[in-house]
Amino acid sequence: MPAPMLQSLALTALLLHAGGATAAIETSPPPTPVGTMPLHADANGRMQADVLLDGRGPFRFTVDSAATGVAIAQTLAARLGLRTGAATQVTAGIGDAATRTVAVDTLRTDLFDLRGAPLPALPGLAADGVLGMAPFAHGRVELDLTARTLIASPSAPTPPGFAAIPGQLRHGILIVDVRIDGVPAKALVDTGAPYDIGNPQLQAALGLTPGDARLSPGGTFADGFGQERMVEQATPARIDIGAVTFARPTVRFADMPVFRTLGLDDGPALILGMDQLSRMGAIAIDFPRAELQLRP
C-alpha cells in the first residue's frame, strides 16, 4: 500500500517579498479589527474563514497563525482571471519558492477589508487561500473551535477559563516553550498545519535513532508549492505546554527550513499543529502580550 498523502502544511512562516517591496497587506495592516466572524472546519480540523475577492465568493481561506501574510490558491486565481503582478519570494515550512502576485482590488471578510492587496498565487493549496495574522498583529485573536467563531479584540489580561502560556514573537510568529516526554523544546503555534512536526534535534533528544522500533513511516506531506517529503513518526507519551498536557501525540520528524528561518535550528523544536490544538475548546494569541491562551 502506498504511503498516505498528508494534507498540505499550508504556509508555515509565510513571508512575502514582492518585486523588492514587501506586499502591502503585510507591511500596512489596517487598524486591529474588533468583532466576530463565523468559521468552518476542514477535514483536518483547520479553521477557515469566508473571504470575498472583488465582490466574488465567498471563498474559504485557512486561518493560519504561522503565516504573516495572505495568499490565494493558484487554481482560484486562474478561475477568477486575476491579473498577474510582481514576482514574489515565499518562505514556507518546506522551503522557499518563487511565484507571482495577482491583483485584487478588495479582499473582504466579516471583520475587515484589505484594499489594493497583491496576493501571492500558490500551487498545491488545499483551501482557496491562506489568511495570516497581519490584520490581528496589534491585538488578540481567538479561534473558538466549539462555536466555530473567530473573535478579534484588543490586547487584554488573560480571560477567565484560559490557560496562559508566555512566549515570544519571531517574524510575527508566536514561539512557546514546551516539553515532549520531559525534553524541553521551542514550539511555533501553527493553526495552518494539520500535524505536529519535530526537527532532527528533537528526534535525537528523544533518543529516536534511525531504525528505532518506536519510529514508523509517517507518509508524505506536501507544502503549498506542490513539493513532497517522506517522513517518519513516533508517539511520545505527552506534550506539556504550561499547565496543558496533550497525551500520546503523533509527532512527525523532518528537517524543515522554517526552523532555520525562525532561529529554531539550534535545539529541539516543534511545529504545533491542529492535531493537538484541535483538542482545545478555544485557541487565542494575544500578540502585544506574546501569549498563547488555551481553553479546554
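What follows is calculated from the coordinates using simple rules that are stated; it is not laboratory data. Predicted model only: the values in this text are computed from it and were never measured. We place every Cβ from the backbone using ideal geometry, glycine too, and count neighbours over all the protein chains shown.
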message: Can you compute the modelled spin-label distance between Arg56 and Asp110, with each label point 7 Å from Cα toward Cβ, in nm?
response: 2.4
query: So how do Leu262, Leu52 line up by other beta-carbon neighbours within 10 Å, fewest first?
result: Leu52, Leu262
statement: Dividing the mean separation of Cα pairs under 8 Å (6+ apart) by the residue count of region 158-295 yields a relative contact order in percent of 37
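Where in region 36-126 are there trypsin sites (Lys or Arg not before Pro) that are in a DSSP coil and have at most 11 other Cβ atoms within 10 angstrom of their Cβ?
Arg83
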query: Roughly how many nanometres apart are two label points built 7 Å out from the Cα toward the Cβ at Leu169 and Glu228?
result: 3.8
field: Inter-label distance, nm, simple model (7 Å from Cα along the C-beta direction), Asp177/Asp255
entry: 2.8
- request: For Ala247 and Ala103, calculate 0.36 nm times their separation in residues minus their Cα-Cα distance, and state this gained length in nm to one decimal.
  value: 47.3 nm
field: Residue-count net charge about Leu208 - beta-carbon cut-off 9 Å; Lys, Arg +1, Asp, Glu -1
entry: -1
